[in-house]
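Novice: Got a structure for you, questions after.
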Amino acid sequence: MSALRLQHIQRHILPENQQTMAGSLGTLTTHVLNTGMGVPAANVALVLYRQDSSTNAWTLITSGTTNDDGRCPGLITKEQFTAGVYKLHFETAQYWASMGETSFYPYVEIVFTINDPEQKYHVPLLLSRFSYSTYRGS
Amino acid sequence: MAAAVSSPLTTHVLNTGDGIPASKMAVTLHRLDSELKIWNMLGVGTTNEDGRCSGLISQEAFTSGMYKLRFETGSYWESRGQTSFFPYVEVVFTITDPGQRFHLPLLMSQFSYSTYRGS
């Protein structure tokens, strides 16, 4: 069995590992998909910010990189996840450049409002070289 | 009128939640000053009845560089008495050949949006 296949299976049957590592399952998740090639977008650098409600400045919460499945677990802990305006910044042009491709967008930023931090929020990014989309998923 | 005819950059905002063009939405165009690393606002407009906004920039002003289109989507949904997940949408793109035409639509609902380089 390949190492990658083993990794996939472990993720499905041992979800508590994720919980222990991140401190919580995380109430905010993302998933980056390369729709141009029909694969998860791995090794995409991303940064999560929250906007300071008084100064409007962006505070860095986490920076990370998507894994082989295009996901980035442990974006934010339950304690950090308060109501407010957040921004996910994805280094998309860097991602395309690493594959020798150009792209129309130097990066993608998605700004969204969290009113109820008790809920689960999934904010995927579907990406090709000349298009992208996002939505509140699950 | 002349600006609308020769506009090298156009946009079209569609409210996919209701299946209608998104009219009366404020849109601003900015270009990044590559030395100072600040955004300069170049043009401001409002989408018409068909959700379109042309004349944001003239052919002469349209040089190579990094641009940003900012759509006041949150205000749009508010004006319709609806909430939205996104307070606004900013699309940042790179123009390397300003001789071409660029059409950047925004398809949006209260909880999703997509954009692409169209024609």
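The numbers here are math on the coordinates, done by the rules we state, and not lab data. Because the structure is a prediction, the values reported are computed rather than measured. Heads up, the Cβs are rebuilt from the backbone with ideal geometry, glycines too, and the neighbour counts pull from every protein chain shown.
Novice: So, how do all the Cα-to-Cα distances of the range B:1-73 break down into 10 Å bins, in percent, from 0 on up?
Specialist: All Cα pairs, binned at 10 Å, distribute as 20, 47, 26, 7, 0 percent.
Novice: With θ taken as phi - 60° and the coefficients 6.51, -1.76 and 1.60, list the Karplus ³J(HN,Hα) couplings across the range A:91-103 in order, rounded to whole Hz; mark glycine and proline as x.
Specialist: Each residue of the range A:91-103 in turn: 7, 6, 5, 4, 4, 5, 4, 5, 9, x, 10, 8, 8 Hz.
Novice: Rank B:Thr94, B:Thr28, B:Thr47 by mean-square fluctuation in a GNM of chain B with C-alpha springs under 10 angstrom and give only the top-ranked residue.
Specialist: Ranking B:Thr94, B:Thr28, B:Thr47 by mean-square fluctuation puts B:Thr94 first.
Novice: Report the local net charge at A:Gln51: Lys and Arg +1, Asp and Glu -1, summed over other residues whose C-beta lies under 15 Å from its C-beta.
Specialist: Values: positive: A:Arg50, A:Lys87; negative: A:Asp52, A:Glu109, B:Glu90.
My count for the surroundings of A:Gln51 gives -1.
Novice: HN-Hα J couplings of the range B:34-43 from phi, Karplus 6.51/-1.76/1.60, θ = phi - 60°, integer Hz, Gly and Pro as x?
Specialist: 5, 7, 7, 6, 10, 8, 9, 7, 9, x
Novice: Here are some pairs, A:Lys120/B:Lys68; A:Lys87/B:Lys24; B:Lys24/B:Lys68; A:Lys120/B:Lys24; which of them have Cα atoms lying more than 23 Å apart in this structure? Walk me through the numbers before you get to the answer.
Specialist: Values: A:Lys120/B:Lys68 30 Å; A:Lys87/B:Lys24 25 Å; B:Lys24/B:Lys68 19 Å; A:Lys120/B:Lys24 33 Å.
Going by Cα-Cα distance, A:Lys120/B:Lys68; A:Lys87/B:Lys24; A:Lys120/B:Lys24 fall outside the 23 Å limit.
Novice: Where a ≥ b ≥ c are the square roots of the eigenvalues of the C-alpha gyration tensor, would you call the range B:36-80 rounded, which needs a/c under 1.5, or, failing that, prolate if a/b is larger than b/c, or oblate? Each step should come with its number before you reach the end.
Specialist: Working: a/c = 3.50, a/b = 1.59, b/c = 2.20.
Cα axes put the range B:36-80 in the oblate bin.
Novice: So, one more: Just to be sure I understand: with springs between alpha-carbon atoms less than 10 Å apart, which residue in B:Gly74, B:Gly65, B:Gly19 has the highest mean-square fluctuation in the Gaussian network model of chain B?
Specialist: B:Gly19
Novice: Further question: Can you list the HN-Hα couplings for the range B:23-31, worked out from phi with the Karplus curve (6.51, -1.76, 1.60; θ = phi - 60°), rounded to whole Hz and with x for Gly and Pro?
Specialist: These are the phi-based 3J(HN,Hα) values: 9, 6, 9, 6, 10, 10, 10, 10, 10 Hz.
Novice: Per residue of chain B, what 222 nm ellipticity follows from adding -39500 (n - 2.57) for every DSSP H run with n ≥ 4, rounded to the nearest 500? Could you put the intermediate results ahead of the total?
Specialist: Working: 2 runs with 12 residues, N = 119.
Calculated mean residue ellipticity at 222 nm is -2500 deg cm²/dmol.
Novice: Moving on. When the scattering of the protein assembly as shown is computed by the Debye formula from its Cα atoms alone, each counted once and equally, what is log10 I(q)/I(0) at q = 0.10, 0.13, 0.14, 0.15 Å⁻¹?
Specialist: The calculated log intensity ratios at q = 0.10, 0.13, 0.14, 0.15 Å⁻¹ are -0.53, -0.89, -1.02, -1.15.
Novice: Within 13 Å, Cβ to Cβ, of B:Ile57, how many net charges do the neighbouring residues add up to if Lys/Arg are +1 and Asp/Glu are -1? Write out the running numbers ahead of the final one.
Specialist: On the way: positive: B:Arg31, B:Lys68, B:Arg101; negative: B:Glu60.
Local charge sum for B:Ile57: +2.
Novice: If Lys and Arg each add +1 and Asp and Glu each add -1, what is the summed charge of the other residues whose beta carbon sits under 14 Å from the beta carbon of B:Arg31? It would help to have the intermediate numbers written out before the result.
Specialist: Working: positive: B:Lys37, B:Lys68, B:Arg70; negative: B:Asp33, B:Glu35, B:Glu60, B:Glu90.
Residues near B:Arg31 contribute -1 overall.
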